[in-house]
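Novice: Following this message is one structure expressed as structure tokens.
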Amino acid sequence: MKEGPYKCKACEKALISPSSFRIHERTHTGEKPYECKSCRKVFSCFSYLRRLERAHSGLKPCECKQCGLAYRYFGSLKIHTKTHTGEKPYEYKTCRKAFGCHSDLQRHEKAHTGVKPYECKQCGLAYRYYSSLKTHRRTHTGEKPYECKQCGKGYRDSSSLKTHERGHTGEKPYKCKTCSKAFGCRSYLRRHERVHIGLKPYECKQCGQAYRYNCSLKTHKRTHRRETL
């Protein structure tokens, strides 16, 4: 690989352009010259500021030509287009499961290792991902920063808001390959798929009875509690 001509004196990393070199230097100096006028958040890179400004404005300039869904960022649109093509270039070598997005592969890898490095200081619950911890913290604070513009209902995370918004639009992007039934939420599709394959991943440790859904297991466990009374 050809080494870039701009070398950082602090860490000796080589960059290929003067602009990328300046952005890299700011990781050492802490300089963040780009400030959002709406919320005063600052950034080291102008493109990061533009991403935040889109979030404030609600602007979604990147539209899918196949189905019309629009996104704030081109990267999000690229990931979405793979739902149409079926492309899954990222494969986990241990179980051969493939993903359309590299971040989904990374999440899956953590599921295999079982590592949960992010712990809530308030209640001790631990999570695999920092984003999950951030969402969890809002259960303590009551904060619901994601608000539906149509009805005003608030949510702790953006994915819950998206699922809710589909209730207004009628959009159901998650389709079962076996029977073509469509859902507004990925988790609803996964629940449905278990019906086709007969999967029952939730097992009672006391008697071995297994269920498709965690809520069914919880109901079953109550029968054991009644038996001990």
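Novice: Would you check which residues across the range 153-198 are farther than 23 Å from Lys82 by Cα and part of a loop (DSSP other than H, G, I, E, B) and list them?
Specialist: Lys153, Arg156, Asp157, Gly198, listed by residue number.
Novice: Moving on. Restricting attention to the range 199-229, report how many residues are assigned to a loop (DSSP other than H, G, I, E, B) and aliphatic (A, V, I, L, M).
Specialist: Qualifying residue count for the region: 2.
Novice: Which condition number does Gln106 fail, the rest of (1) free of Cβ contacts under 8 Å to residues at least 40 places away in the same chain; (2) over 21 Å from Asp157 (Cα atoms) being met?
Specialist: Here Gln106 meets the rest and fails (2).
Novice: Restricting to the range 178-206, name every residue that is loosely packed, with under 11 Cβ neighbours inside 10 Å and more than 22 Å from Arg166 (Cβ to Cβ).
Specialist: Ile197, Gly198, Lys205
Novice: Something else: Which residues, counting only those in the range 114-171, are among the hydroxyl-bearing types (Ser, Thr, Tyr) and out of contact with any Lys or Arg (no Cβ under 8 Å at 6 or more places or on another chain)?
Specialist: Of everything in the range 114-171, those that are among the hydroxyl-bearing types (Ser, Thr, Tyr) and out of contact with any Lys or Arg (no Cβ under 8 Å at 6 or more places or on another chain) turn out to be Tyr130, Ser131, Ser132, Thr141, Ser158, Ser159, Ser160, Thr163, Thr169.
Novice: Only one of these is under 21 Å from Leu69 (Cβ atoms) and at pLDDT below 90: Arg128, Arg186, Arg222. Name it.
Specialist: The match here is Arg186.
Novice: If you don't mind, there's one more thing I want to ask. Which condition does Lys88 not pass, out of (1) assigned to a loop (DSSP other than H, G, I, E, B); (2) within 30 Å of Arg22 (Cβ to Cβ); (3) modelled with pLDDT of 85 or more, if it passes all the others?
Specialist: Here Lys88 meets the rest and fails (2).
Novice: Can you tell me which residue among Glu91, Glu63 is touching a residue at least 12 places away in the same chain (Cβ under 8 Å), within 23 Å of Lys149 (Cβ to Cβ) and touching a Leu at 6+ places or on another chain (Cβ under 9 Å)?
Specialist: Criteria check complete, one pass: Glu63.
Novice: So, in the range 109-141, exactly how many residues are loosely packed, with under 11 Cβ neighbours inside 10 Å and among the aromatic types (Phe, Trp, Tyr)?
Specialist: 1
Novice: Go through (1) out of contact with any strand residue (DSSP E or B) (no Cβ under 7 Å at 6 or more places or on another chain); (2) at pLDDT 85 or above; (3) surrounded by 12 or more Cβ atoms within 10 Å (Cβ to Cβ) and name the single condition Lys32 misses.
Specialist: (1)
Novice: To continue, here is another question. Taking the conditions exactly as written (at pLDDT 85 or above, part of a helix (DSSP H, G or I) and out of contact with any strand residue (DSSP E or B) (no Cβ under 6 Å at 6 or more places or on another chain)), does Glu25 satisfy them or not?
Specialist: The answer is yes for Glu25.
The values are calculated or read from the model by the stated rules, or taken from the named source; none is laboratory data. Since the model is a prediction, treat every value here as computed from it, not as a measurement. All Cβ positions, glycine included, derive from the backbone under ideal geometry; neighbour counts span all protein chains shown.
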